[in-house]
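The next block holds one structure in the form of structure tokens; read it before the comments.
The values are calculated or read from the model by the stated rules, or taken from the named source; none is laboratory data. Note that the coordinates shown come from a computational prediction; the quantities given were computed from them, not determined experimentally. For neighbour counting, all protein chains shown are included, and Cβ atoms are generated from backbone atoms with ideal geometry for every residue, glycine included.
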Amino acid sequence: MKISFLIQGFNVAASRYRVIQYQQFFQSNKIQYSIREFPKKLNDWFEYIKGIKSFDTVFVQRKRLPLPVLIYLKRKGKRIIYDFDDAVMFRNSLAKDPYSLRRRLSFKRMLQYTDMVIAGNNFLKKEALKYHKYVRVLPTPIDGERYTQKEYRKNEIINIGWIGDHGSIHYMESYKDVWEEIGKIYKNVLLTIICDTFIETRYMKLKKVQWRYETEIEELKKLDIGVMPLFNDLWSMGKCGYKILQYMGVGVASVCTPVGINMDVVEDGVNGFWADTKRDWIEKLSILIEDHNLRINMGKRGREKVSEGYTVQACAPKLIKWLRGD
């Protein structure tokens with residue numbers, strides 16, 4: 001078996017966590033493969049088509065293939081697997097109207113030419129089942145060997161943190177009155193943002209940390225509480241909760257909006273807290289700020305939850321089985 005993986009980019013998070021980090025498992029299972037970015041120009045597509053002859057399977061991560069390419073691959077008897085971990089059939093949370101006929105038709109067409117679909121959560125599976133009967137669910141996992149449990153210390157400053165990229169920073173901006181209110185109530189609280197862009201605050205002490213792959217786990221372990229605010233909309237329902245898994249992976253207690261996969265991973269009051277309204281956010285954050293032992297207990301339970309089924313080590317056997325057609 002020989003598989004061609006088409007990804008968005010080697011520095012794109014979805015590509016890194018849903019394809020690239022599985023390479024050691026492809027190799028140990030003697031799967032021949034190549035990973036390349038989506039062709040951008042017509043000449044690049046012709047070059048790709050020429051080289052595809054020796055491959056049995058084309059694994060497409062998130063983006064949709066052009067119709068002529070789909071037709072060609074099917075005529076040549078290539079097996080197509082489509083993997084996605086965002087609500088690509090809808091517009092994102094910043095759009096006034098989430099519905100897009102163009103996005104919906106593009107998604108439908110991709111699935112009609114696909115042999116198997118791998119979705120990042122159950123909401124995405126439900127959307128895919130409208131157009132395809134073979135849909136599997138595979139979370140976007142963390143590397144259980146990289147993410148080890150933090151050492152717990154009782155510090156004077158309580159460090160609340162968020163990790164993400166410029167495409168999600170608007171969630172933190174939208175919840176800024178929560179962070180400001182916490183900053184007014186507690187003078188011993190710091191908000192750390194690990195990203196490539198940042199918000200500004202007036203009353204909450206803010207620490208800006210430039211995201212780097214080499215240091216992200218070290219920075220996560222400095223947190224006492226991890227946050228994942230979202231909107232309750234169609235785009236957010238497609239989110240695969242990677243931030244939550246990162247916090248839990250190092251044993252950090254978390255607070256999240258109960259949307260999509262967050263409700264599967266975070267058990268409210270057990271390994272983290274749900275917060276629907278901004279008042280809920282202030283209440284749940286206050287509980288964790290004031291209770292050191294609760295933060296530790298929730299953090300440890302969260303790590304146990306992630307270890308059960310949200311690591312690449314736990315997910316790899318499933319993916320290998322599906323790639324082989326079992």
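Is it the case that some residue within the stretch 5-25 is over 25 Å from the mean Cα position of the chain (by Cα) and either modelled with pLDDT under 95 or surrounded by fewer than 15 Cβ atoms within 10 Å (Cβ to Cβ) (or both)?
No, because not a single residue in the stretch 5-25 is over 25 Å from the mean Cα position of the chain (by Cα) and either modelled with pLDDT under 95 or surrounded by fewer than 15 Cβ atoms within 10 Å (Cβ to Cβ) (or both).
Take F10 and decide whether it is farther than 25 Å from G164 by Cβ and of a type outside the set (S, T, N, Q).
Considered against the rule, which asks whether it is farther than 25 Å from G164 by Cβ and of a type outside the set (S, T, N, Q), F10 comes out as no.
Quick check on the stretch 230-241. Is at least one of its residues crowded, with 24+ Cβ neighbours inside 10 Å and either over 20 Å from F90 (Cα atoms) or without any contact (Cβ under 8 Å) to a residue 12 or more places away in the chain (or both)?
no
Hey, among Q112, Q149, which residue is touching a residue at least 60 places away in the same chain (Cβ under 8 Å) and either closer than 26 Å to F231 by Cα or not aromatic (F, W, Y) (or both)?
Of the residues listed, the single one that is touching a residue at least 60 places away in the same chain (Cβ under 8 Å) and either closer than 26 Å to F231 by Cα or not aromatic (F, W, Y) (or both) is Q149.
Pick from R109, R136: which is part of a strand (DSSP E or B), surrounded by fewer than 18 Cβ atoms within 10 Å (Cβ to Cβ) and among the basic types (K, R)?
One residue alone meets the criteria, R136.
For K154, are the conditions met, namely being in a loop (DSSP other than H, G, I, E, B), exposed (fewer than 15 other Cβ atoms within 10 Å of the Cβ), touching a His at 6+ places or on another chain (Cβ under 9 Å) and not aliphatic (A, V, I, L, M)? Before you say what the answer is, go through the steps one by one.
Working: in a loop (DSSP other than H, G, I, E, B): yes; exposed (fewer than 15 other Cβ atoms within 10 Å of the Cβ): yes; touching a His at 6+ places or on another chain (Cβ under 9 Å): yes; not aliphatic (A, V, I, L, M): yes.
In short, yes.
Output yes when any residue across the stretch 266-276 is in a loop (DSSP other than H, G, I, E, B), of a type in the set (A, V, I, L, M, F, W, C), surrounded by fewer than 21 Cβ atoms within 10 Å (Cβ to Cβ) and modelled with pLDDT of 95 or more, and no when none is. Show your work before the answer.
First, pick out the residues of the stretch 266-276 that are in a loop (DSSP other than H, G, I, E, B): 266-267, 269-271, 275-276.
Narrowing the set further to residues that are of a type in the set (A, V, I, L, M, F, W, C) leaves 266, 270, 275.
Next cut, surrounded by fewer than 21 Cβ atoms within 10 Å (Cβ to Cβ) only: 270.
Remaining after also requiring modelled with pLDDT of 95 or more: 270.
Checking the stretch 266-276: at least one residue is in a loop (DSSP other than H, G, I, E, B), of a type in the set (A, V, I, L, M, F, W, C), surrounded by fewer than 21 Cβ atoms within 10 Å (Cβ to Cβ) and modelled with pLDDT of 95 or more.
At least 1 residues that are among the charged types (D, E, K, R) and in the same structural domain as A119 (by TED's automatic domain parsing) in each: list the helices (runs of 4 or more DSSP H) lying fully within the stretch 19-88 that qualify.
Because the criterion is at least 1 residues that are among the charged types (D, E, K, R) and in the same structural domain as A119 (by TED's automatic domain parsing), the helices (runs of 4 or more DSSP H) in the stretch 19-88 that meet it are 42-51, 67-75.
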